[in-house]
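What follows is one structure encoded as structure tokens, with my remarks underneath.
Just so it is clear, none of the values below were taken in a lab; they were calculated from the coordinates. Since we're looking at a predicted model, the values are computed, not measured. Ideal geometry is used to build each Cβ from the backbone, glycine not excepted, and the neighbour counts take in all protein chains shown.
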């Protein structure tokens with residue numbers, strides 16, 4: 001979580017959820033557009049991130 005937070009400029013708290021999804025090889029669904037954009041732009045893309053509005 002710390003590594004991801006430093007890479008994408010988000011809080012460790014928010015990146016804990018991403019790290020959990022990475023650990024369990026799951027998808028990460030969020031309503032936080034800034035977190036979504038930062039992870040998809042700067043992250044390592046180990047996990048698929050989906051905005052809540054796009055989740056079916």
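Contact order, relative form, for the chain: 34 percent (alpha carbon pairs under 8 Å, 6 or more residues apart, mean separation divided by residue count). Between the beta carbons of residue 16 and residue 45, assuming R0 = 22 Å, the FRET efficiency works out to 0.80 to the nearest 0.05. Taking each DSSP H run with n ≥ 4 as -39500 (n - 2.57) and averaging over every residue of the chain yields -15000 deg cm²/dmol at 222 nm. Label-to-label distance for residue 56 and residue 3 is 3.4 nm, based on points extended 7 Å past Cα in the beta-carbon direction. Once Cα extents along the principal axes in Å is worked out from the coordinates, which option in [x] 30, 23, 18; [y] 83, 14, 6; [z] 39, 27, 16 does it equal? Checking each listed value against the structure points to [x].
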